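None of the figures in this text is laboratory data; all of them are computed from the coordinates on show. Just so you know, these numbers come straight off a predicted model, no measurement behind them. Cβ: placed from backbone, ideal geometry, glycine included. Neighbour counts: every protein chain shown.
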Amino acid sequence: MNLIKNTTPYIGKLKLKFEKYPEYSGRSILNKVHLNLGFTKLVSRMTPRQTMEGGPSNIDPNKIELIEKYTGGVIGIHKFGPDNQYVLENSFLTKDGGYIGDIRQGWWYYKQNMKVCEDYPKGVAEVYEGQTLIGYYGYTHRGGSMFKIGDRLFDEAYTPKEDDYEEWEWEGYKQQFIETYKESDELEQDWVFGDGIAYVMPFKRRGKKDIENFNECLQAAINMSKYLS
């Protein structure tokens, strides 16, 4: 199994399996989809090694080093609840101890070339191309979107209007909306009809105002993160 690259932050055993829906997490987590056959997928899964008090960790120290070197966050212990009685080890934290997520969240930041957003650390990340900031990514467990200069400032209360878009762009959304509605079952059709054309419109185009600077990129990402929360 050494021929399969470990793309997780864990140390453990990798195993090949055929699975239709491999994105779940439990005793094992998805490592990589190697072959998508449509009706099923050939995937590798990582089962982190079991740890005992005082024994070796199941976290790869080299990956902790990468996370802390490049993301602006740290891996540590998060305590919460009355008298800090609850403890989450190997948490992804801001440098002042604010909780962002678990070790996988930090590893995801590293792989996506993202850094902690100090202004809104839980739900927004800075996105870089090399060493250059190119935008902000707003997210929750339900999804996410990056916002760059030239996109629209996301506004959940905004109702898309034809006059706010180029003719070619509006026509594209309209055709996509019609096709989506036709292909949806009865329940989903209610959702599609209720949202209108916004249902098929990417978050980065749902707003009236064009984004002109990074402050507006950040605000759009915050708005979207709150919307999906």
Among rounded, prolate and oblate, which fits region 1-53 when a ≥ b ≥ c are the square roots of the eigenvalues of its C-alpha gyration tensor, a/c under 1.5 means rounded, and a/b larger than b/c means prolate? prolate
FRET efficiency for Gln176 and Glu89, Cβ-Cβ distance as r, R0 = 35 Å, nearest 0.05? 0.20
Which residues' amide hydrogens lie under 5 Å from the amide hydrogen of Cys117, considering only partners 5 or more residues apart or on another chain, with H built in the peptide plane? Glu126
Listing Val33, Val124, Val200 by rising number of other beta-carbon atoms within 10 angstrom, fewest first, gives Val33, Val200, Val124
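Could you grab the relative contact order for the chain? Cα pairs under 8 Å, six or more apart, rounded to a whole percent.
Rounded, it is 15 percent for the chain.
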Normalised by the residues of region 1-53, what does the relative contact order come to in percent, with Cα pairs under 8 Å and at least six apart? 39
What is the packing order of peptides 181-188, 15-22, taking the mean over residues of other C-beta atoms within 10 Å and listing the highest first? 15-22, 181-188
Per Stokes-Einstein, at 10 °C and 1.306 mPa s, what whole-number D in µm² s⁻¹ belongs to region 1-132, with the Kirkwood radius over Cα pairs as the hydrodynamic radius? 98
Residues His141, His78 in order from fewest to most other beta-carbon atoms within 10 Å are His141, His78
With +1 on each Lys and Arg Cβ and -1 on each Asp and Glu Cβ, how big is the dipole of region 59-111 about its Cα centre, in debye rounded to the nearest 20? 180
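Based on Cβ point charges of +1 for Lys and Arg and -1 for Asp and Glu, what charge dipole magnitude is obtained for region 1-151 about its Cα centre, in debye rounded to the nearest 20? Walk me through the numbers on the way to the answer.
Values: 20 positive and 15 negative charges, 178 e Å.
That gives region 1-151 a dipole magnitude of about 860 debye.
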If R0 is 35 Å, what FRET efficiency do you get for Ile149 and Phe18 from their C-beta distance, rounded to 0.05? 0.20
Compute the FRET efficiency between Asp195 and Leu133 as 1/(1 + (r/R0)^6), taking r as their Cβ-Cβ distance and R0 = 35 Å, and round to the nearest 0.05. 0.65
Specify which residue in the list Leu187, Cys217, Pro121 is farthest towards the positive end of the charge dipole of region 104-229, using unit charges on the beta carbon of Lys, Arg (+1) and Asp, Glu (-1), about the Cα centre. Pro121
Over all directions, region 59-111 yields a Cα convex hull whose mean projected area in nm² is 3.4
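Tell me what the chain gives for mean residue ellipticity at 222 nm when only DSSP H runs of n ≥ 4 count, each as -39,500 (n - 2.57), the sum divided by the residue total, rounded to 500 deg cm²/dmol. Can you show the working numbers first?
Numbers: 5 runs with 61 residues, N = 229.
It comes out at -8500 deg cm²/dmol, rounded to the nearest 500.
Shape call for region 141-203 from the C-alpha gyration tensor, a ≥ b ≥ c root eigenvalues: rounded (a/c under 1.5), prolate (a/b greater than b/c) or oblate? Don't skip to the answer; put the middle values down first.
Numbers: a/c = 2.02, a/b = 1.32, b/c = 1.53.
In terms of gyration-tensor shape, oblate.
Below 8 Å, C-alpha to C-alpha, sequence gap of six or more: please give me the relative contact order for region 110-228 in percent.
Numbers: 189 pairs, mean separation 44.0, N = 119.
Answer for region 110-228 is 37 percent.
Grab the eigenvalues of the alpha-carbon gyration tensor for the chain, scale each by 5, take roots, and send me the semi-axes largest first in whole angstrom.
Values: eigenvalues 258, 121, 54 Å².
After diagonalising the Cα gyration tensor, the semi-axes are 36, 25, 16 Å.
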Can you find, among Gln85, Pro61, Trp108, the residue sitting farthest towards the positive end of the charge dipole of region 59-111, where Lys and Arg contribute +1 and Asp and Glu -1 at Cβ? Trp108
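If neighbour count is taken as other Cβ atoms inside 10 Å, put Trp168, Trp108, Trp191 in order from fewest to most. Intermediate values should be presented prior to the final figure.
Values: Trp168 7, Trp108 18, Trp191 10.
The order, fewest Cβ neighbours first, is Trp168, Trp191, Trp108.
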